[in-house]
Amino acid sequence: MPRQARQKSQSGNYHIVLRGINKQILFEEEEDREKFISCLQHYKGICGYEIYGYCLMDNHVHILLKEGKESIDQVMKKIGVSYVSWYNRKYDRSGHLFQDRFRSEVVETEEYLLAVLRYIHQNPIKSGEVKNLREFKWSSYGEYIDHSRIVDREFIFGIFANEREKAVACFKQFMKEQVEDNCIEANDRKRLTDQELKIAIQEYVGIMRPIELQHMEKVMRDEFLRKIKKIAGISTRQIARLTGISQSVVAKA
């Protein structure tokens, strides 16, 4: 079956996900992450793209960028070849490191641009690696708060406010908000339908009707919510919809 054509962004903005082949670890040491960031920086000057965000997890990478002189296919090929060649020499290996085709989604509005950036920055928290955004060294969050190295942050700050101090304060608050941003993910997990989730809750949690959680005491309710959130293929938004409990309460449970 031929590959589906990659959707073209009218704004030039894309959320890109690079994955290790067969969940291969991409970064064994800090030096490896430093090298990947250097590749982003090097080809930024050559290809003319702008970077709004990134996050380097162990076996996948998120990048939020605005296309420049070259297409994202050309950009990601150059970055991939450069990093993989260096990685293979360092670890005395050969062959592919990244999954054949990177994933991408178009980002057409400022609202969704900010949502994707928040999703990218919150990746290490949702994976359990850190408890707050500042703890994770290998995302663009630190570049927004401290000194920018490769991130073009002025456009993002300008969405929040004209005055820098206010823009930074609004940015920090927005990045901390606990919501379920429906962005593309690093894996291919299947989302459950509402009916499938109801059945899973019955079988895995032992609750016949999700709305029963509304009438439970807080401690018991949160315990059941934590169990439900462990079911693969669901989102806090879907849980909120089925249980009638607010999304923020579900996220905090």
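Given points 7 Å out from each Cα along the Cα-Cβ axis, report the Ser38 to Met220 separation in nanometres with one decimal.
5.9 nm
Counting only the heavy atoms of the protein chains, how much of Lys227 is accessible to a 1.4 Å probe, in Å² to the nearest 10?
The accessible area comes out at roughly 80 Å².
Once Cα extents along the principal axes in Å is worked out from the coordinates, which option in (i) 47, 40, 35; (ii) 59, 49, 35; (iii) 54, 41, 36 does it equal?
The calculated read-out lines up with (ii).
Is the C-alpha gyration tensor of the range 47-177 telling us rounded, prolate or oblate? Criteria: a/c under 1.5 is rounded; beyond that, a/b larger than b/c is prolate, otherwise oblate.
prolate
If you fit an axis through the alpha-carbon atoms of helix 110-126 and take the longest principal axis of the Cα set of the chain, what angle between them do you get, 0 to 90°, nearest 10?
Roughly 80 degrees, rounded to the nearest 10.
Normalising by the residue count of the chain, find the relative contact order in percent from Cα pairs under 8 Å and 6+ residues apart. Walk me through the intermediate numbers first.
On the way: 317 pairs, mean separation 47.8, N = 253.
Computed over the chain, the figure is 19 percent.
Taking Cα atoms, how many degrees apart are the long axis of helix 30-47 and the longest axis of the chain, rounded to 10 and kept between 0 and 90?
It is inclined by approximately 60 degrees.
Give, in nm to one decimal, the length gained when the segment between Arg6 and Ser94 is fully stretched (0.36 nm per residue of separation minus the Cα-Cα distance).
Here the segment from Arg6 to Ser94 would lengthen by 28.9 nm.
What net charge is computed for the residues neighbouring Asp222, neighbours being all others with C-beta under 11 Å from the C-beta of Asp222, Lys and Arg scored +1, Asp and Glu -1? The partial results should precede the final answer.
Numbers: positive: Lys218, Arg221, Arg226, Lys227, Lys229, Lys252; negative: Glu217, Glu223.
Charge balance in the 11 Å sphere: +4.
Between the DSSP loop rule and a limit of at most 14 other Cβ atoms within 10 Å, which GluC sites (Glu not before Pro) in the range 19-126 are left? Don't skip to the end; give the middle numbers.
Working: sites: Glu28, Glu29, Glu30, Glu31, Glu34, Glu50, Glu67, Glu70, Glu105, Glu108, Glu110, Glu111; in loops: Glu28, Glu29, Glu67, Glu70, Glu108.
Answer in residue order: Glu28, Glu29, Glu108.
Using a cut-off of 13 Å between beta-carbons, work out the net charge of the residues near Asn88 (Lys and Arg +1, Asp and Glu -1, Asn88 not included). Before the final figure, lay out each step's value.
On the way: positive: Lys35, Arg89, Lys90, Arg93; negative: Glu28, Asp32, Asp92.
Net of charged neighbours comes to +1.
So which aspartates and glutamates pass the test for Lys172, namely a Cα distance under 19 Å, with those fewer than 8 places away in the same chain ruled out?
Cα-Cα hits under 19 Å: Glu110, Glu111, Glu135, Glu143, Asp146, Asp152, Glu154, Glu163, Glu180, Asp181.
With all protein chains present and a 1.4 Å probe, how do Ser38, Ser235 order by accessible area, largest first?
Numbers: Ser38 45, Ser235 15 Å².
Highest to lowest solvent-accessible surface, that is Ser38, Ser235.
Please list, or write none, the lysines whose alpha carbon is within less than 27 Å of the alpha carbon of Lys176, excluding same-chain residues fewer than 8 places away.
Lys66, Lys126, Lys131, Lys137, Lys166, Lys190, Lys218, Lys227, Lys229, Lys230, Lys252
Rounded, prolate or oblate: which one fits the range 44-85, using the alpha carbon gyration tensor with axes a ≥ b ≥ c (rounded when a/c is under 1.5, else prolate when a/b beats b/c, else oblate)? Mind dumping the intermediate values first?
Working: a/c = 2.33, a/b = 1.25, b/c = 1.86.
Here the range 44-85 falls in the oblate category.
The values are calculated or read from the model by the stated rules, or taken from the named source; none is laboratory data. Fair warning: this is a prediction, and the values are worked out from it, not measured in the lab. All Cβ positions, even for glycine, are placed from backbone atoms using ideal geometry, and neighbour counts span all protein chains on display. Each accessible area value is taken on the protein alone, full model and side chains, heavy atoms only, with ligands, DNA and RNA left out. Shrake-Rupley method; radii C 1.70, N 1.55, O 1.52, S 1.80 Å.
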